[in-house]
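The values are calculated or read from the model by the stated rules, or taken from the named source; none is laboratory data. Since this is a predicted model, take the numbers as computed values, not measurements. Glycine gets a Cβ as well: all are built from the backbone with ideal geometry, and neighbour counts include every protein chain shown.
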Amino acid sequence: MLERTLHLLALSGSLRAASFNTALLRAAAEGAPDGVIVTLHDYRDVPLYDPDLGLPPGVERLRAAISAADGLLIATPEFNYGIPGPLKNAIDWASRPAYRSPFAGKPVAVMSASPGPIGGARGLQQLKTVLLGMSAVVYPAPELAVGGVGEKIVEGRLVDAVTAERLARLVAGFAAWAPGARFDVA
Ligand SMILES: Cc1cc2nc3c(=O)[nH]c(=O)nc-3n(C[C@H](O)[C@H](O)[C@H](O)COP(=O)(O)O)c2cc1C
């Protein structure tokens, strides 16, 4: 039982309306335990990274949302074995200054989904590495890489019971772990 409401910010690695990964995050929000609120953040207003732009409004909004959250849930496809450009771009904007950014010390749980057999697991591992580079505190396990997602998410709804159970376990486990997760940069 949580002592207070936990606010988790959800970022999808896909911007398209019918995204499987965004649908996975919606399912995570719906299946979250009592006292856990999952809010999807649309970051399409974040421009291409260029420090000469200062802090554009979309970047300020993203950084403020990350700072205010108790933890992050990220679900992403892999694009050509890696992190999709829009997600990496948004993360890079929020990653400065190094070691003191909104990501520093922030608990993050990651998952991925793909119609392919390994569920975007290569992109998922890359994302973990990138998060570690920003001193985020990455939830170690369980992780969730949903392969063959086209049969498991239909018309935007998670219809596969096994995946739903694994997703619920991940969100509940992360919510229990995140409040005590710490990382202080030396
Ligand atoms: C540019 C591009 C590259 C892709 N590369 C991969 C890949 O390396 N591995 C994979 O499993 N799927 C790959 N896919 C397929 C995506 O996993 C699939 O389109 C998925 O549905 C995208 O996620 P979304 O449904 O959340 O938008 C790629 C798709 C695109 C558009």
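Output the residue which, of all residues in region 91-108 that are at pLDDT 95 or above and among the aliphatic types (A, V, I, L, M), is nearest to residue 134 (Cα to Cα).
Across region 91-108, the extreme among qualifying residues is 104.
In region 141-186, which residues are more than 21 Å from residue 114 (Cα to Cα) and surrounded by 11 or more Cβ atoms within 10 Å (Cβ to Cβ)?
172, 173, 174, 175, 176, 177, 178, 179, 181, 183
Given 141, 172, 178, 164, which one is modelled with pLDDT under 95 and either under 23 Å from residue 70 (Cα atoms) or more than 14 Å from the ligand (Cβ to nearest atom) (or both)?
Being modelled with pLDDT under 95 and either under 23 Å from residue 70 (Cα atoms) or more than 14 Å from the ligand (Cβ to nearest atom) (or both) holds for just one of 141, 172, 178, 164, which is 141.
Quick check: is even one residue across region 82-96 closer than 22 Å to residue 171 by Cβ and of a type in the set (S, T, N, Q)?
Within region 82-96, not a single residue is closer than 22 Å to residue 171 by Cβ and of a type in the set (S, T, N, Q).
Residues that are part of a helix (DSSP H, G or I), under 18 Å from residue 26 (Cβ atoms) and of a type outside the set (Asp, Glu): does region 71-94 have at least one?
Within region 71-94 (the criterion being part of a helix (DSSP H, G or I), under 18 Å from residue 26 (Cβ atoms) and of a type outside the set (Asp, Glu)), the answer is yes, since at least one residue qualifies.
Go through region 148-186 and give me each residue that's assigned to a helix (DSSP H, G or I) and of a type in the set (Phe, Trp, Tyr).
Of everything in region 148-186, those that are assigned to a helix (DSSP H, G or I) and of a type in the set (Phe, Trp, Tyr) turn out to be 174, 177.
Which residue pairs have Cβ atoms closer than 8 Å, lie 6 or more positions apart in sequence or on different chains, and pair a first residue in region 116-137 that is of a type in the set (Val, Ile, Thr) with a second residue that is more than 16 Å from the ligand (Cβ to nearest atom)?
Taking only residues 6 or more apart or on different chains, the pairs are 130/91; 137/105; 137/106; 137/107; 137/108; 137/181; 137/182; 137/183.
Of the residues that sit in region 7-53 and are over 24 Å from residue 79 (Cα atoms) and surrounded by 22 or more Cβ atoms within 10 Å (Cβ to Cβ), which one is farthest from the chain's Cα centre (by Cα)?
36
Looking at region 36-70, which of the residues that are assigned to a loop (DSSP other than H, G, I, E, B) and either of a type in the set (Asp, Glu) or touching a residue at least 60 places away in the same chain (Cβ under 8 Å) (or both) is farthest from the ligand (Cβ to nearest atom)?
Looking at residues that are assigned to a loop (DSSP other than H, G, I, E, B) and either of a type in the set (Asp, Glu) or touching a residue at least 60 places away in the same chain (Cβ under 8 Å) (or both), I get 70.
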